1. For the stretch 543-566: of the residues being among the aliphatic types (A, V, I, L, M) and part of a helix (DSSP H, G or I), which is farthest from E432 (Cα to Cα)?
2. Can you list the strands (runs of 3 or more DSSP E) found entirely within the stretch 71-112 that contain at least 1 residues being touching a helix residue (DSSP H, G or I) at 6+ places or on another chain (Cβ under 6 Å) and open to solvent by less than 10 Å² (accessible area, probe 1.4 Å)?
3. What number of residues within the stretch 113-128 are open to solvent by 40 Å² or more (accessible area, probe 1.4 Å) and outside any loop (DSSP other than H, G, I, E, B)?
4. Which residue, of V479, V521, V515, is more than 30 Å from G55 (Cβ to Cβ) and β-branched (V, I, T)?
5. Between residues in the stretch 586-614 that are closer than 15 Å to W664 by Cβ and residues that are of a type in the set (S, T, Y) and open to solvent by less than 30 Å² (accessible area, probe 1.4 Å), which pairs lie under 8 Å by C-beta distance while being six or more apart or on different chains?
6. Mind checking which residues of the stretch 367-379 are free of Cβ contacts under 8 Å to residues at least 60 places away in the same chain and either open to solvent by less than 30 Å² (accessible area, probe 1.4 Å) or of a type outside the set (A, V, I, L, M, F, W, C) (or both)?
7. Return the residues of the stretch 186-201 that are closer than 18 Å to A320 by Cβ and in a strand (DSSP E or B); say none if nothing qualifies.
Amino acid sequence: MNKYFTGFALAVSCVMLLTASLYAQRRRAVDPNDSIASNYNPHELFSPSFYTEKGSGFHSPDGSPGPKYWQNKADYQLNAKIDTSTKTLTATENITYTNNSPAALPYLWLQLDQNTYVKTARSNFVTGRPATEHTKGYEFESVEIIINGKAQTVNYIVNDTRMQIRLPNAVNGNGGKVSLQIKYHYTIPGTFGNRTDYNQTKNGKIYEIAQWFPRLCVYDDATGWDTLPFLGAGEFYLEYGDIDYKVNVPWDMIVAGSGEFQNPKEVLTTKQISLLEKARNSDKTIMIRSAAEIKDPASRPVQKGTLTWHFLMKNTRDVAFGASNAYMWDAARVNLPNGKKSMAMSVYPIESSGNDAWGRATEYLKGSIEYFSQKWFVYPWPVAVNEAGTAGGMEYPGIVFDGIYDKGKELFWVTAHEIGHNWFPMIVGSNERRFAWMDEGFNTFIDVYASDAFNKGEFAPKRDGEYAPGGGFPADEIVPTIIDPDAPIIMTAADAIKEKYRHPIAYFKPAFGLVLLREQVLGKERFDYAFRKYIHDWAYKHPRPDDFFREMENGAGEDLSWFWKGWFYNNWKLDLAIHDVQYQKTGDKRSIRITIANLEKMAMPFTLELTYKDGSKQCQHFPVETWLQNKAITFELPVTQDVMKVEIDPDHALPDVDRGNNVWKVR
C-alpha cells in the first residue's frame with residue numbers, strides 16, 4: 001500500500017474521530033437549567049393518546065352526536081292534588097315511553113326520589129350524619145301497564161330510590177312504545193326536604209314541589225340503564241319528553257309551575273289575566289298580585305272549594321311547581337334573539353318584598369335569560385319562574401327555587417346561577433349524578449360573565465360561595481384546593497365528593513378552568529365558537545365528558561389533552577418561578593437574561609412583565625409549548641434602560657401556588 005495513501009487515510013480517520021467526539025460532546029453538553037430542582041415532567045403532561053376510546057357512529061370523533069346516535073323518550077300526563085291538612089300529594093301518572101334504542105327492553109327502571117326521605121334510605125349512610133326527620137316516601141295504590149286501552153297489573157319491585165317494572169312483553173327497539181299508569185301518594189317533607197318542602201310564612205304556607213312523580217331512568221349507549229340511587233348530592237339524569245300536568249289545590253292558592261299556563265280563565269280573575277297580558281308586552285315589571293291582595297278573597301275567581309291549575313311543558317326532562325296562598329306575583333317580558341319572546345315571573349311572600357330584595361327578582365331573571373340567550377343558546381320555553389322559599393338555590397326546567405331572605409347581589413347571583421341551569425343540564429342534558437361539574441361548573445362559568453354584563457356590571461365581579469368566595473383573585477383562591485392532598489379531582493363521582501369540597505371541586509375549579517381556557521389558552525373567539533357549538537350540538541341530548549373535550553379541541557383547533565389531564569383528571573400544581581436575572585452587554589447593546597423554571601407538574605402559557613426605571617412596562621407572552629421539552633427556559637430581551645422589576649403573571653390570572661418566586665426586583 002502506498003505510504004502517502006496510508007498517511008492520508010490515517011489523517012482522515014483522526015479528523016472523523018475528532019469530529020465525532022466534538023459532536024458527542026455537544027450532545028452531552030450540560031444545560032445549566034437541568035440542575036434546577038423541579039417536579040415537572042413534560043413527557044408526562046404532554047404524553048399522547050389521551051382518549052381511551054375512539055369516536056363512533058354514536059359519539060363522533062369530533063365530539064358531536066354521531067349519525068347513529070339514539071335517545072329514548074318519556075312523555076307524562078299527571079293529575080295531582082295537594083291536601084294541605086295532611087300535607088299529602090296524591091297523583092295519577094300516565095307514562096308513554098318510546099324505546100329508540102336498537103335493543104328490546106324487557107323491563108324499565110324508574111327513579112323514586114321521594115324515597116330518599118325514608119329512614120332506611122341509602123342516602124342516610126353516605127355522609128355519616130343521617131337525617132333526623134323522615135317520611136314514608138312513595139306509597140303506591142297501583143302500577144299498571146296499558147294494553148289495547150285496558151289497564152292490567154304489572155310486576156314491579158322497589159329498591160331504595162329505584163323501581164323496576166317487569167314487562168309482560170319486551171318493548172321493541174327502534175321506536176317501540178309502552179304505556180303505564182301509576183297511582184301513588186306521599187307526604188310532603190317539611191323544611192328538612194332541602195330541595196322540596198313546605199314552609200310557614202306570615203300569611204300562609206309555601207309548598208315547593210319537586211321530584212314529585214316517578215321518572216324514567218335514562219337508558220343510553222354508555223351504561224344501559226343508569227340506575228345510580230338518589231343519595232342527595234348527585235342530582236339528576238333524565239329523558240326528554242312532553243309533560244302535561246294538572247295540580248288541584250285550595251281555592252285561595254296561587255300555583256307557579258314549569259311550562260305554559262293552559263287555563264288562566266279558570267284560575268285567575270279578569271284583572272289578573274289583563275295584567276298578565278300587559279306584562280307579556282312590558283320590559284318593566286308588572287305586579288299581578290300585590291301585597292294588599294294576599295288576604296283579599298276577591299283576588300281569587302272563587303272563594304271556596306278547590307281549583308285545578310293546568311300546565312304543559314314540551315321537550316323537557318322534568319317539571320316542578322310552587323303553591324301558596326301567601327304569594328305576591330309579578331312578571332315582565334323577556335326579549336330573545338330574532339324577535340322571539342318569553343316571560344319572566346316571580347312569586348314570593350310579603351317578607352321578601354322590597355326593591356332591595358325580591359322586588360327586583362323578575363328583573364334579575366329577565367336579564368340573566370336575555371344574556372344567556374344572546375351569548376350561548378336561545379331560551380326555548382315560554383315562561384321562567386323565580387319562586388321564593390326555603391329550598392333556596394334549586395333549579396328545575398322553567399322554574400327556580402331561591403331563598404326567601406335573599407336580596408341584593410346575593411339574590412342576583414343565585415337567580416342567575418339557578419336559571420343558568422336551564423342551559424346546563426336542562427338544555428344540554430348531561431348526567432348530573434355522575435358528572436356534577438358538567439352542569440355546576442359550566443353554569444358557574446357562564447354566571448361569571450353574566451355578572452359582568454348585568455346592568456353594566458352592577459353586581460360584578462361574581463364572588464360568592466360558588467366562585468372565589470373570599471372576594472379576591474379566583475386564580476389565587478383556587479390554590480388551597482389544588483394543594484390540599486385530600487381534595488378530590490374534578491372527575492370524581494358527584495356523591496363521592498365530601499361537602500367541604502363540593503363547591504370548590506364541582507363548581508369553582510371547573511368554572512375557573514373554562515375561564516383559563518377562554519382567557520389564557522384559546523382566546524375568547526376560539527373558545528366561544530367551540531363552546532357554543534357544543535351547546536347547540538348537544539341540546540336536548542346526553543353528552544359525556546369526552547364529547548365535551550373533543551368538541552372543544554376540534555372546534556378550537558387545539559390539542560388540549562394536557563389541560564384535561566392536569567386540571568380535570570388531576571390536581572396538578574402550577575409553580576412558575578424566576579430562577580435568575582442577569583444583565584448582558586454586547587458593545588453598545590444591552591439585554592437582560594432571564595431564566596424561568598416550571599417547578600411543579602402543571603404547565604400553562606404565561607405573561608412576563610418588565611417594569612423599567614421610568615415606570616414604563618413591557619410584556620412578553622409565552623405559549624404552553626414553552627414547556628413541551630423543558631422544565632426551565634433562558635432567554636434574552638433587549639433593554640434600553642434599567643429594569644426595576646420582572647414579574648410572572650402580573651394580573652394574577654394563573655393558579656400559581658407560590659407567588660413569592662414570581663417577582664425579581666432590583667435590590
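The values are calculated or read from the model by the stated rules, or taken from the named source; none is laboratory data. These numbers come from a predicted model, not from an experiment. No Cβ is skipped: glycine too gets one built from the backbone with ideal geometry, and neighbour counts run over all protein chains shown. The protein model used for the area step is the full one, side chains on, heavy atoms only, and it has no ligands, DNA or RNA in it. Shrake-Rupley method; radii C 1.70, N 1.55, O 1.52, S 1.80 Å.
1. Of all residues in the stretch 543-566, those among the aliphatic types (A, V, I, L, M) come to 552, 556, 560.
Right, trim to part of a helix (DSSP H, G or I) and you get 552, 556.
On the way: M552: 20, A556: 26 Å.
Here the answer is A556.
2. Numbers: elements: 73-83, 88-99, 105-111.
Result: empty, no element qualifies.
3. Kept after step one, since they are open to solvent by 40 Å² or more (accessible area, probe 1.4 Å), are these residues of the stretch 113-128: 119-120, 122, 125-128.
Of the ones still in play, those that are also outside any loop (DSSP other than H, G, I, E, B) are 122, 125.
So the answer is 2.
4. On the way: V521 fails: more than 30 Å from G55 (Cβ to Cβ); V515 fails: more than 30 Å from G55 (Cβ to Cβ).
That would be V479, the only listed residue that is more than 30 Å from G55 (Cβ to Cβ) and β-branched (V, I, T).
5. So the pair list comes out as F606/T626.
6. In the first step, residues of the stretch 367-379 are kept if they are free of Cβ contacts under 8 Å to residues at least 60 places away in the same chain; the result is 369-370, 373-374, 378-379.
Within the stretch 367-379, I369, E370, S373, Q374, Y379 meet the criteria.
7. Y186, T187, D197, Y198, N199
Residues are listed down the side, and each one gets a yes or a no for (1) open to solvent by less than 50 Å² (accessible area, probe 1.4 Å); (2) not hydrophobic (A, V, I, L, M, F, W, C):
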{"site": "Y240", "(1), (2)": "yes, yes"}
{"site": "P250", "(1), (2)": "yes, yes"}
{"site": "L268", "(1), (2)": "yes, no"}
{"site": "E277", "(1), (2)": "no, yes"}
{"site": "E293", "(1), (2)": "yes, yes"}
{"site": "R300", "(1), (2)": "yes, yes"}
{"site": "K304", "(1), (2)": "no, yes"}
{"site": "R317", "(1), (2)": "yes, yes"}
{"site": "A320", "(1), (2)": "yes, no"}
